[in-house]
Amino acid sequence: MSIKSPTSFFHSAKRKKRELIGFNFLKEKTFNVNEILLRNKLCSIFFRSREVLAREAINHAFKALKKRHLIEEGAHAPAYIALSRPIISQGSEWKEKAENLEMELQQCYKAQSRLSEQLVVEVAESRALKASLQEKEMAIAELEKELNQTRDECSQLKTDLEEKIRALELLMVEHQELKAQLEQMAIKAKNAEAENKMLVDRWMLQKMQDAERLNEANALYEDMIERLKASGLEKLAREQVDGIVRRSEDGAEFFAESTVPSVCSHRINAHEGGCASILFEYNSGKLISGGQDRSVKMWDTGTGSLTHNFSGCLGSVLDLAITHDNRFVIAASSSNNLFVWDVSSGRIRHTLTGHTDKVCAVDVSKVSSRHVVSAAYDRTIKVWDLQKGYCTNTIIFHSNCNALCFSTDGLTICSGHVDGNLRLWDIRTGKLLSEVAAHSLPITSISLSRNGNVVLTSGRDNVHNLFDVRSLEACGTFRATGNRVASNWSRSCISPDDNYIAAGSADGSICIWSISKADIVSTLKEHTAPVLSCTWSGLGKPLASADKNGIVCTWT
């Protein structure tokens with residue numbers, strides 16, 4: 001074993017000392033690096049780590065370590081001097097220490113490599129956190145941009161709201177002004193209504209005075225008729241048409257005395273399901289019929305042939321009427337409507353709507369073809385303007401009306417009701433003029449005499465009464481054993497010369513009474529079903545009847 005010289009040993013010891021000092025310095029450096037990494041990690045957690053800051057922190061740490069190394073090297077200068085002395089005896093001990101220090105140095109190198117790897121990982125994490133931070137900053141910038149836009153929109157909406165509020169205030173002011181104007185107009189309308197009422201009252205008073213003068217004229221006219229009859233001028237009295245004496249009126253030459261029918265000249269299968277209403281044209285032998293098959297037909301009674309078929313009705317026909325000029329046929333229907341046909345063309349001219357239940361009765365004014373009156377089971381009587389096609393007046397009453405007719409002057413309506421009363425109405429005002437208890441059960445038919453002074457009523461009590469229209473006093477009562485009214489709309493009639501009454505019965509027979517004798521003069525039997533309607537031609541003959549099977553018979 002060779003022994004090193006003191007100088008070489010001294011240098012070797014000095015080198016070992018330096019290595020030891022370097023190891024201690026590396027160890028302290030390692031601890032400082034760990035402290036820096038921990039500090040860097042904390043910075044990354046709080047979103048403040050930056051790659052540049054990390055590098056600057058590492059450079060700063062290395063500078064601090066270098067400075068500390070220089071200070072420690074100066075502090076260990078006495079030790080260097082002591083070690084420079086030759087200590088041969090401690091050579092082996094220093095060798096062992098040197099070996100140990102070499103081993104520790106290797107461990108330090110390994111620790112340094114691990115720390116370097118950890119540093120790389122931390123730097124990568126720092127970059128990832130930096131990218132995440134940038135994304136969040138971008139999101140924050142976008143949110144701030146949206147917030148600014150929302151603030152702008154909010155300010156715009158606030159401006160719009162202020163404008164709307166100003167407009168609303170303006171509208172409120174205008175509303176108040178209009179309200180004040182409306183109140184003024186309401187006061188004016190109220191004053192005008194009061195003035196109108198006063199004028200109507202004055203007009204009604206004038207009309208009443210006119211009516212009184214007209215009644216006086218009628219009384220003078222009747223007195224004149226009586227004087228004419230007393231002087232033997234009956235021919236002039238028979239020229240009455242519609243209650244007014246006309247020496248040369250069209251149709252007067254067709255008037256003839258009625259004969260008592262006895263023979264069925266024609267038996268017509270007119271309708272399916274029953275025929276509820278029939279009537280003749282004015283001064284004509286043509287017969288019009290309406291049935292439950294929703295059809296209205298016109299027949300030639302001379303031959304028994306069909307001449308017209310009026311279609312378009314939406315319900316069963318319950319009553320018929322015709323204008324005095326024979327231009328229009330009107331049907332009361334169970335469909336709550338009235339249908340008006342033009343006879344010449346066969347087409348529907350009007351459909352009169354307004355009733356809310358089945359229409360059971362209809363009649364046309366004998367003075368003007370313009371006015372029509374109807375009754376329905378909605379407890380109303382309506383007056384219609386046929387030229388305009390709408391209702392002009394409505395009368396409401398608690399009892400339903402089964403039958404009605406116009407007076408000869410066209411100003412009064414005679415109506416028969418379910419409660420058995422006969423009532424007279426003013427067509428212009430709709431006021432009830434008078435009423436009388438005509439029957440104990442519902443009235444089914446009303447027929448006015450040719451001169452318009454007498455009205456015939458039939459009821460479900462199987463009684464037929466004659467009333468003076470002017471006083472509503474009964475002037476005749478007719479009944480017969482076995483003669484029973486068949487329905488609520490069974491129609492009886494008076495002959496054109498006002499001498500006879502014809503009424504059908506539930507047993508299919510027809511009774512003819514003489515008004516002057518107050519007794520039955522004939523009983524006609526041809527029907528096999530209840531007779532629902534009878535009507536006399538204005539020419540004096542024939543008599544027509546209709547039954548529940550839809551059969552129409554003409555009698556001469």
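The values are calculated or read from the model by the stated rules, or taken from the named source; none is laboratory data. Just so we're clear, the structure is a prediction, and the values are computed from it rather than from any experiment. Here Cβ is always computed from backbone atoms with ideal geometry, including for glycine, and neighbour counts include all displayed protein chains. We work out accessible area using only protein heavy atoms, side chains counted, and drop any ligands, DNA or RNA first. Shrake-Rupley method; radii C 1.70, N 1.55, O 1.52, S 1.80 Å.
A compact table of results
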{"quantity": "Hits in the stretch 460-491 (condition: part of a strand (DSSP E or B) and open to solvent by less than 40 Å² (accessible area, probe 1.4 Å))", "calculated": "464, 465, 466, 467, 468, 476, 478, 491"}
{"quantity": "Any hit, the stretch 495-517, residues being open to solvent by 20 Å² or more (accessible area, probe 1.4 Å), free of Cβ contacts under 8 Å to residues at least 60 places away in the same chain, part of a loop (DSSP other than H, G, I, E, B) and basic (Lys, Arg)", "calculated": "yes"}
{"quantity": "Some residue of the stretch 419-434 being of a type in the set (Ser, Thr, Tyr) and modelled with pLDDT under 95", "calculated": "yes"}
{"quantity": "Residue 484 under 52 Å from the mean Cα position of the chain (by Cα) and in the same structural domain as residue 442 (by the TED database)", "calculated": "yes"}
{"quantity": "Residue that is surrounded by the fewest Cβ atoms within 10 Å (Cβ to Cβ), among those in the stretch 89-123 that are aliphatic (A, V, I, L, M) and more than 17 Å from residue 57 (Cβ to Cβ)", "calculated": "103"}
{"quantity": "Residue list for the stretch 380-395, filter: within 26 Å of the chain's Cα centre (by Cα) and under 18 Å from residue 358 (Cα atoms)", "calculated": "380, 390, 391, 394"}
{"quantity": "Condition check for residue 457: under 15 Å from residue 401 (Cβ atoms), within 49 Å of the chain's Cα centre (by Cα) and either assigned to a loop (DSSP other than H, G, I, E, B) or modelled with pLDDT of 95 or more (or both)", "calculated": "yes"}
{"quantity": "Scan of the stretch 429-452 for residues that are open to solvent by 30 Å² or more (accessible area, probe 1.4 Å) and in contact (Cβ under 8 Å) with a residue 60 or more places away in the chain, ordered by number", "calculated": "429, 450, 451"}
{"quantity": "Search result, residues across the stretch 504-514 that are touching a Cys at 6+ places or on another chain (Cβ under 9 Å) and more than 17 Å from residue 554 (Cβ to Cβ)", "calculated": "505"}
{"quantity": "Every pair of residues 6+ apart whose Cβ atoms lie under 9 Å, when the first sits in the stretch 117-131 and is in contact (Cβ under 8 Å) with a residue 60 or more places away in the chain while the second is among the charged types (D, E, K, R) and open to solvent by 60 Å² or more (accessible area, probe 1.4 Å)", "calculated": "122/41; 125/41; 126/41; 126/50; 130/50"}
{"quantity": "Single residue of 183, 193, 177 found to be open to solvent by 100 Å² or more (accessible area, probe 1.4 Å), within 29 Å of residue 433 (Cα to Cα), in a helix (DSSP H, G or I) and not polar (S, T, N, Q)", "calculated": "193"}
{"quantity": "Residues located in the stretch 539-556, provided they are in contact with a strand residue (DSSP E or B) (Cβ under 6 Å, 6 or more places away or on another chain) and more than 21 Å from residue 291 (Cβ to Cβ)", "calculated": "556"}
{"quantity": "Residue match in the stretch 472-484 (condition: in contact with a helix residue (DSSP H, G or I) (Cβ under 9 Å, 6 or more places away or on another chain) and over 28 Å from residue 292 (Cβ atoms))", "calculated": "no"}
{"quantity": "Enumerated strands (runs of 3 or more DSSP E) restricted to the stretch 316-394, each holding at least 2 residues that are over 25 Å from residue 490 (Cα atoms) and in the same structural domain as residue 452 (by the TED database)", "calculated": "348-353"}
